[in-house]
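Some notes on the structure that comes next.
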Amino acid sequence: MTIAPRLVVFDCDGTLIDSQHMIVAAMAHAFTAHGLAELPRARVLSIVGLSLDEAVLALLPQTEEPVRRAVTAAYKEAFFHLRDRPELSEPLFPGTREAIERLAAQEGVLLGIATGKSQRGLRHMLEMHDLGRFFVTLQTADDAPSKPHPMMLERAMAEAGGRPADTVLIGDTTYDILMARAAGAHALGVNWGYHSPDMLAEAGARKVLSAFSELGPSLDEIWQEPASRAPAKGEISG
């Protein structure tokens, strides 16, 4: 009998990498290029995790669609051209590499990513940090509807051969947590990203990590539970 793997799927921005400076700078460029006033930093960061089209819609709900499309295109262009500025680097959060290497070395554990980034943006990040070899499935905004729709996580499970009961999503926003709930998987939050721990807990995170050193014990606790403890689709876990 084939044993299903234990699957750990990470969000990217705000979970694995600290991309806030790049995101804010690129969005400011996109807004000013089209005569729009820059938004407060906290407002821009609140939509990190959504696919770009959905993020721009959330920031400009009353703006006409042609303008939103132009802002989206300007953001993509700015993001590409700003990458070489050292003050806008996208470093890994402390403990990220160690946590990934530790999990990847465990028998029966597979790793994936589900992100609002494009495939091009995600693969650039993985190449920059030499992380690509650790992940068996990469799900992006190019492949599925924006979080919190469950399709990204469902596609990750299908590609990896994982079951919802054995799958854990790690993320920093409510969009991540709600996506995991909708897919029937477990969810862990992190407190170093763009939504507050209280928001993550209210969305249904089983636990909110304060450091990647807490990830291993938290996963062991989930995986040692009977399968009947797995959250049903749409239900809050924990």
Practice prompt. Please indicate, with yes or no, whether at least one residue in the stretch 71-94 is free of Cβ contacts under 8 Å to residues at least 40 places away in the same chain and touching a Phe, Trp or Tyr at 6+ places or on another chain (Cβ under 9 Å).
Written response: no
Do we have G49 as within 13 Å of the chain's Cα centre (by Cα), of a type in the set (G, A, S) and modelled with pLDDT of 95 or more here? no
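The rows are residues; the columns are (1) modelled with pLDDT of 95 or more; (2) buried (at least 21 other Cβ atoms within 10 Å of the Cβ); (3) among the charged types (D, E, K, R).
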residue: P150; (1), (2), (3): yes, yes, no
residue: A158; (1), (2), (3): yes, no, no
residue: G161; (1), (2), (3): yes, no, no
residue: V168; (1), (2), (3): yes, yes, no
residue: D172; (1), (2), (3): yes, yes, yes
residue: D176; (1), (2), (3): yes, yes, yes
residue: R181; (1), (2), (3): yes, yes, yes
residue: A185; (1), (2), (3): yes, yes, no
residue: V190; (1), (2), (3): yes, yes, no
Examine the stretch 137-148 for a residue that is at positive phi and surrounded by fewer than 18 Cβ atoms within 10 Å (Cβ to Cβ), and state whether such a residue exists. no
Within the stretch 78-103, the residues that are in a helix (DSSP H, G or I) and surrounded by fewer than 14 Cβ atoms within 10 Å (Cβ to Cβ) are F80, H81, P86, E87, E98, E101
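Residue-by-condition table, conditions (1) under 21 Å from D220 (Cβ atoms); (2) small (G, A, S); (3) open to solvent by 40 Å² or more (accessible area, probe 1.4 Å); (4) not in a strand (DSSP E or B):
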| residue | (1), (2), (3), (4) |
| --- | --- |
| V8 | yes, no, no, no |
| I23 | no, no, no, yes |
| A30 | no, yes, no, yes |
| L36 | no, no, yes, yes |
When every residue in the stretch 38-71 that is part of a helix (DSSP H, G or I) and either within 13 Å of K117 (Cα to Cα) or among the small types (G, A, S) (or both) is compared, the one least open to solvent (accessible area, probe 1.4 Å) is A55
Scanning the stretch 104-146 for residues that are over 16 Å from S19 (Cβ atoms), assigned to a loop (DSSP other than H, G, I, E, B) and not hydrophobic (A, V, I, L, M, F, W, C), the one nearest to the chain's Cα centre (by Cα) turns out to be S146
Residue check for G112: closer than 30 Å to E214 by Cβ, in contact with a helix residue (DSSP H, G or I) (Cβ under 9 Å, 6 or more places away or on another chain) and either at pLDDT below 95 or surrounded by fewer than 17 Cβ atoms within 10 Å (Cβ to Cβ) (or both) = no
- prompt: Do we find a residue being under 22 Å from L50 (Cβ atoms), modelled with pLDDT of 95 or more and not hydroxyl-bearing (S, T, Y) anywhere in the stretch 215-226?
  reply: no
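The values are calculated or read from the model by the stated rules, or taken from the named source; none is laboratory data. Quick caveat: nothing in here was measured; it's all calculated off a predicted structure. Virtual Cβ from ideal backbone geometry, glycine too; neighbours counted across all protein chains shown. All accessible areas refer to the heavy atoms of the entire protein, side chains included, with ligands and DNA or RNA removed. Shrake-Rupley method; radii C 1.70, N 1.55, O 1.52, S 1.80 Å.
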